[in-house]
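Let me begin by presenting the structure, written as structure tokens, before commenting on it.
The values are calculated or read from the model by the stated rules, or taken from the named source; none is laboratory data. Bear in mind the structure is a predicted one, so any value in this text is a computation, not a measurement. Neighbour counts are summed over all protein chains in view; Cβ atoms, including those assigned to glycine, are modelled from backbone coordinates with ideal geometry. Remember, those area values only see protein heavy atoms, side chains included, never the ligands or the DNA or RNA. Shrake-Rupley method; radii C 1.70, N 1.55, O 1.52, S 1.80 Å.
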Amino acid sequence: MSVLTISENSTAAVIARFLKARGVERVFGLCGGHIMPIWMQVDKEGIRIIDVRDERAAVHMAHAHAEITGSLGVALITAGPGVTNAMTGIANAHVARAPVLVLSGLPPSLQENRGALQDIVHIEFVRPITRYARTVREPALVLQELDEAVCRAFGQGGNPGPVFLDFPANTLRGEVPKALQLEEHFRPRGQTLLPPDPAAVAAAVDLLWSARRPLVISGRGARAVGPELERFLDRLGGVYLDTGESRGLIPDEHPSVVAAMRGTVMGEADVVVTLGRRLDFQLAYGSPAVFGAARFVRIADAPSELRDNRRGAVEMLASPAATLAAIVEAAGKREPAVDQSWAKGLRARHVERRVELRRSMVAAAPGSDGRMHPNRLLAALQDKLPADATVIADGGDFLSFARVGLSAGTYLDPGSLGCLGVGVPFGIAACLAQPERQVVVATGDGSFGFNAIEVDTAVRHRIPLLIVVANNGAWQIEVYDQANTYGRVVGTRLQFADYAAMARAFGMHAERVETAEDLPAAIDRALSKQPALLDVLVTTDAISSDAKSGLAWVPDLQPLATWDDAERKWRQG
Ligand SMILES: Cc1ncc(C[n+]2csc(CCOP(=O)(O)OP(=O)(O)O)c2C)c(N)n1
Ligand SMILES: [Mg+2]
């Protein structure tokens with residue numbers, strides 16, 4: 001039998017050297033013959049391969065890596081079903097605007113369209129959910145293609161997001177001429193800084209420093225600007241909201257934080273600053289029905305976060321950090337006009353609500369089925385977690401409870417695609433990216449199921465992760481919607497499956513917990529034996545705010561019933 005050898009100048013070897021040179025330390029993937037040359041060379045370069053059980057999980061992991069580190073996430077998946085399996089992960093990274101490079105293979109060109117194994121044209125179906133999707137057939141062009149793809153992944157004047165390259169097997173084995181392996185293609189690129197327009201900075205200062213009730217909302221594009229944002233808030237005063245995309249950016253103790261007063265503050269602000277934040281469904285699409293006569297200042301380095309839904313009185317396509325610094329600088333010693341009693345009042349009510357929430361969580365009564373309330377579980381968990389823990393929340397009702405019930409240094413969830421199942425893969429990637437942090441996945445039982453098999457990946461790679469499954473034997477938020485909207489329940493009940501036994505089958509420490517009294521010791525044991533899973537039985541009687549507010553039954557004009565009512569009235573004039 002002849003063996004195909006891979007030379008050091010092969011396309012595959014050059015791809016691996018490129019990844020190494022660009023600082024890629026790990027690749028998430030699932031093997032297959034069509035990508036084997038890259039796989040072996042990546043390993044040879046000392047890049048760690050996190051081998052998963054489903055390609056979707058590989059892309060979810062690359063996505064979480066990118067969100068947490070701000071650096072490129074890389075997924076390596078095989079041809080055909082490898083790519084179709086990955087589609088959900090790619091779509092989620094697309095909606096989340098996460099810089100992810102997906103690499104795949106193709107049958108050799110000489111077998112193209114002849115009925116080859118795993119032959120399907122990937123780029124036609126990945127194109128709408130990627131920033132760049134190309135088949136690279138010519139070894140001599142591989143470095144330019146990789147460089148272009150990575151630039152597009154980071155946005156570079158456009159929107160960041162996933163990019164896709166595939167290579168026929170013969171291309172991977174083909175030679176890249178040495179003369180074309182230019183250092184300039186390998187060399188890491190620095191960040192592109194977009195300086196703000198001084199005239200727009202002056203206009204923003206005028207508007208903001210004369211605002212009585214300014215509100216600042218941060219999002220994805222603000223993730224790296226914590227210090228600048230804090231200085232800006234300290235200087236301007238006003239209040240601050242963050243809707244999950246950039247949670248942990250401003251500490252809860254900061255006097256501007258009023259997260260628990262979101263509904264009120266959105267209706268009361270007179271100037272709203274969006275910082276790298278889309279005015280999406282979580283922000284009522286910026287509708288005047290909800291935001292009243294507020295004027296907007298929009299700051300973003302990605303176009304999709306600059307103009308969506310509402311036009312800003314001031315719009316700046318510029319780096320958020322540089323822009324905030326320039327605004328503070330330009331404001332100089334000017335006194336802000338903020339109504340201090342308004343800001344302080346909101347803050348005081350926010351703090352009251354937080355205290356009340358903590359109190360009610362600990363005291364939450366069990367349901368009529370005798371099972372504990374999800375908030376009891378979250379309170380026990382919060383008790384044992386460090387304040388800077390990374391929280392990955394996933395689920396329907398349980399996501400709604402966990403989002404407010406757990407404080408987090410870093411937080412990720414299914415995002416605006418509502419992509420259930422990200423929990424375990426996101427958790428694994430977060431552990432790898434933040435080895436100094438405790439990472440916990442708080443997931444509903446239904447959501448856990450999608451990528452439950454990745455407990456195997458966590459065990460094999462010794463990932464010190466805690467997975468907590470809130471097991472209510474149902475897709476409960478949907479059960480509630482059906483019962484309330486249609487008066488009957490169809491196809492939304494699951495079993496109280498023994499997820500602990502499942503995890504143990506893969507060698508993970510796992511326990512089922514049935515009472516709130518047993519929780520503290522079980523959490524301690526789990527934390528000392530990670531990776532670990534706790535399968536906690538919770539009641540179906542607990543109705544979450546997402547279930548009550550309309551997110552579950554999807555009103556016509558707005559995601560929440562109260563906003564939908566407001567929008568209806570406002571449209572009628
Ligand atoms: C991939 C995917 N499938 C279906 C849905 C619709 N959906 C939203 S929440 C939910 C129920 C989640 O159940 P579980 O994770 O058990 O949480 P629970 O509501 O029971 O707390 C479903 C099916 C979705 N958002 N994403
Ligand atoms: Mg459930």
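In the context of the full set of protein chains, the range 1-155 has a per residue accessible area of 39 Å² (1.4 Å probe).
Amide H contacts under 5 Å for R137: none, restricted to partners 5 or more places along the chain or on a different chain, H placed in the peptide plane at 1.01 Å from N.
How many percent of DSSP beta bridges within the chain run antiparallel, rounded to 5? Mind showing how you got there, number by number?
Values: 2 of 68 bridges.
Antiparallel bridges make up about 5 percent of those DSSP assigns within the chain.
Extension gain for the segment F496 to R358, taken as residue separation times 0.36 nm less the Cα-Cα distance, is 46.9 nm to one decimal.
The spacing between the range 395-441 and the range 477-509, judged by their C-alpha centroids, is 19 Å.
So, with a 1.4 angstrom probe, what is the percent of accessible area on the range 211-258 that is carbon and sulfur? Intermediate values should be presented prior to the final figure.
Details: 750 of 1610 Å².
The nonpolar share, carbon plus sulfur, comes to 47 percent.
Based on protein heavy atoms only, the range 452-520 ends up with 48 Å² per residue of surface accessible to a 1.4 Å probe.
Under 25 °C and 0.890 mPa s, how fast does the range 370-441 diffuse according to Stokes-Einstein, given a Kirkwood radius computed over C-alpha pairs? Answer in µm²/s, whole number. Write down the numbers at each step before the final one.
Values: Rh = 12.5 Å.
It comes out at roughly 197 µm²/s.
Apply the Debye scattering formula to the range 218-353, with a single equal point scatterer on each alpha-carbon and no solvent, then give log10 I(q)/I(0) at q = 0.09, 0.19 Å⁻¹. Log10 of I(q)/I(0), two decimals: -0.23, -1.19. With q set to 0.07, 0.09 Å⁻¹, the log10 of I(q)/I(0) for the chain, from the Debye formula over equal scatterers at the Cα positions, is -0.44, -0.73. Note on the range 278-341 and the range 66-88: Cα centroid distance 33 Å, given to the nearest whole angstrom.
Annotation for I453 and E124: the two label points, set 7 Å from Cα along the Cα-Cβ direction, are 2.7 nm apart.
Ranked from the most accessible area to the least, with a 1.4 Å probe and all protein chains present, what is the order of E148, E514? Numbers along the way, then the final one.
Values: E148 65, E514 105 Å².
Accessible-area ranking of E148, E514, largest first: E514, E148.
Where the centroid of each part is defined by its Cα atoms, how far is the range 543-569 from the range 357-384 in Å? So the separation of the two Cα centres works out to 26 Å. Residues whose amide H comes within less than 5 Å of that of V272, counting only those at least five positions distant or on another chain, are L215, R295, F296, V297 (H built at 1.01 Å from N in the peptide plane).
Determine the share of the range 41-106's accessible area contributed by carbon and sulfur atoms, expressed in whole percent, with a 1.4 angstrom probe.
On the way: 710 of 1560 Å².
Its accessible area is 45 percent carbon and sulfur atoms.
Within the range 277-352, report the trypsin sites (Lys or Arg not before Pro) that DSSP leaves as loop and that have at most 14 other Cβ atoms within 10 Å. Don't jump to the answer; show the numbers that get you there.
Working: sites: R277, R278, R295, R298, R307, R310, R311, K333, R334, K344, R347, R349; in loops: R277, R278, R307, R310, R311, K333, R334.
Answer in residue order: R311, K333, R334.
Over 32 Å between C-alpha atoms is what I'm after, so list which of K344/K548; K333/K569; K44/K384 land there. List each step's numbers first, then the result.
Values: K344/K548 29 Å; K333/K569 43 Å; K44/K384 41 Å.
Distance filter (> 32 Å) returns K333/K569; K44/K384.
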